[in-house]
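Inspection log for the structure reproduced underneath, given as structure tokens.
Just so it is clear, none of the values below were taken in a lab; they were calculated from the coordinates. Keep in mind it's a predicted model, so treat the numbers as computed, not measured. Every residue, glycine among them, receives a Cβ derived from its backbone with ideal geometry; neighbour counts consider all protein chains shown.
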Amino acid sequence: MFHVEHAGTLRQPGAGWARARQSAGNICKNITLAPHDKILSFSHLYNKTEDMNGLHLIADIYRCRSSAGLLTERAELEALCVEGCRNAGLTPLGAYFYQFLDEQGDAAGVTGTVVLAESHLAIHTWPETGDVTLDVYVCNFSRDNSGRARQVFAAVIDALAPEEIVSHEVVRGRLEQGVTS
């Protein structure tokens with residue numbers, strides 16, 4: 001049987017943050033949030049006349065040959081994912097990564113999400129088999145983020161060094177007239 005340990009920290013600068021952390025208690029210890037002013041600063045980017053659309057990249061990644069830490073250690077996997085998003089030109093607003101422990105208390109897998117101004121990255125590891133699921137979704141409402149999504153997707157997969165990948169690209173939202181999938 002596994003149990004979960006909240007291994008991270010909750011942090012955000014600004015007034016009232018200590019009160020928010022106190023009320024969040026142990027449930028939210030490993031959530032990292034962007035400052036409120038960073039979240040609000042994106043409102044000027046959105047043109048309400050454009051149609052919603054996006055790109056969803058999905059992968060089942062098998063027999064990863066990366067360092068064991070990428071599959072078992074929350075902090076290592078979170079750093080890869082958050083920095084990968086930043087390096088691709090995406091905007092992380094917050095991250096939540098959950099550390100699983102085995103019966104002996106050893107690290108035994110991670111599940112995590114990076115919330116982006118453009119949407120999200122989600123990742124789940126099974127170190128027992130070396131497998132990972134990865135999903136990156138970006139909205140293309142105010143600009144085309146497809147290349148950025150593909151960049152972070154490829155960077156995370158490359159770092160995991162899998163023997164096999166099954167991946168899909170799904171175009172989401174309103175498509176141009178005449179385009180079908």
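Scanning the range 52-86 for residues that are part of a helix (DSSP H, G or I), surrounded by fewer than 17 Cβ atoms within 10 Å (Cβ to Cβ) and either small (G, A, S) or over 14 Å from the mean Cα position of the chain (by Cα) (or both) gives A68, G69, A75, A79.
Filtering the range 144-174 to residues that are in contact (Cβ under 8 Å) with a residue 12 or more places away in the chain, over 10 Å from I61 (Cα atoms) and acidic (D, E) leaves only E169. Suppose the filter is touching a residue at least 24 places away in the same chain (Cβ under 8 Å), in a strand (DSSP E or B) and surrounded by fewer than 19 Cβ atoms within 10 Å (Cβ to Cβ); does Y98 pass it? Here the answer is yes, as Y98 does meet what is asked. Within the range 101-111, the residues that satisfy the criterion of being in a strand (DSSP E or B), of a type outside the set (V, I, T) and touching a helix residue (DSSP H, G or I) at 6+ places or on another chain (Cβ under 9 Å) are A107, A108, G109.
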